[in-house]
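Laboratory data are not the source of any read-out in this text; all were calculated from the coordinates shown. Here the structure is a predicted model, which means the values were calculated and not measured. Because the Cβ atoms are built from the backbone with ideal geometry, glycine has one as well, and the counts that use them run over all protein chains shown.
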Amino acid sequence: MVSVRRLSLFPLLIALLFAGRALAEMTVPVDLQLDLMKRVVKFERGFSAHSGALVHVVIVTKPGNAASDRAATQLKQGLEHAPEIVGKPVQVVVQSFTSAAELKHAADGAAIVYLTPGLEGDIPAIATAFAGVAAITISADGEAVGQGAVLGFELFSSRPRIVLNLAQAGKQGLDFSSDLARLARVIR
């Protein structure tokens, strides 16, 4: 009886293994997200003015989430190796998420706030807190853009695609060029 039970669980374990692998392949690699991020911010008309002489980037992590920590480490290392965005030097801070209000305070003066995996459930609160704040909130997951991040990245037919939330961009006082809207999946 026990061996029959174990055998009946085998297909389930195989399905979970492949589902996990498929899910991992559905996200855009962090190094490619960094490259896209550096290109996309140029489409925000006020980015140079908002950022000042130094582009302040806050990378937000979810405590206890290994994927979050991994993405933060990769993004920080990528920014340290190529430390310029729109020709300006970059200052990177890694911030552990505790609440949307505390994040807003910690990100004061930031031009970019990158939301690592694991924060998807917190994005609506972050979006509300960041209303009126001209920082580009970028999610590691394109699906989270519908919850309130301004930008995100997703794979579509095995190619990276930008996702832009125009409504949230407007709430945050950001003004993206229509050229970006033609390149991205737009959420209104």
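Viscosity 0.692 mPa s, temperature 37 °C: Stokes-Einstein D of the chain from its Kirkwood Cα radius, in µm² per second? Could you put the intermediate results ahead of the total?
Values: Rh = 17.2 Å.
Rounded, D is 191 µm²/s.
Spacing of the modelled spin labels on Leu32 and Val186, each 7 Å from Cα toward Cβ, amounts to 2.4 nm.
Each other residue within a Cβ distance under 13 Å of Gly121 adds +1 if Lys or Arg and -1 if Asp or Glu, for a net charge of -3. Neighbour counting of Cβ atoms within 10 Å sorts the residues Thr137, Thr98, Thr73, Thr116, fewest neighbours leading, into Thr98, Thr73, Thr116, Thr137.
Taking Cα atoms, how many degrees apart are the long axis of helix 2-25 and the longest axis of the chain, rounded to 10 and kept between 0 and 90? Relative to the chain, helix 2-25 is tipped by roughly 20 degrees.
For a straight C-alpha distance cut-off of 21 angstrom, the lysines reachable from Lys76 (same-chain residues fewer than eight places away being disregarded) are Lys38, Lys42, Lys62, Lys88, Lys104.
Using a 10 Å cut-off around each Cβ, can you sort Leu183, Leu164 from fewest to most neighbouring Cβ atoms? Spell out each step's value before the answer.
On the way: Leu183 14, Leu164 25.
Ordered from fewest to most neighbouring Cβ atoms within 10 Å, Leu183, Leu164 come out as Leu183, Leu164.
Net charge dipole, the stretch 99-188: roughly 340 debye, given to the nearest 20, about the Cα centre with Cβ charges of +1 for Lys and Arg and -1 for Asp and Glu. Placing unit charges on the Cβ atoms of the charged side chains and taking the dipole of the chain about its Cα centre, the candidate lying farthest along the positive direction among Ile85, Leu36, Ala49 is Leu36.
Using C-alpha pairs below 8 Å separated by at least 6 residues, the relative contact order for the stretch 28-187 is 24 percent. Between helix 66-81 and the chain there is an angle of about 40 degrees, using the helix long axis and the longest principal axis of the Cα atoms. Ordering Lys76, Lys42 from the fewest to the most neighbouring beta carbons within 10 Å gives Lys42, Lys76.
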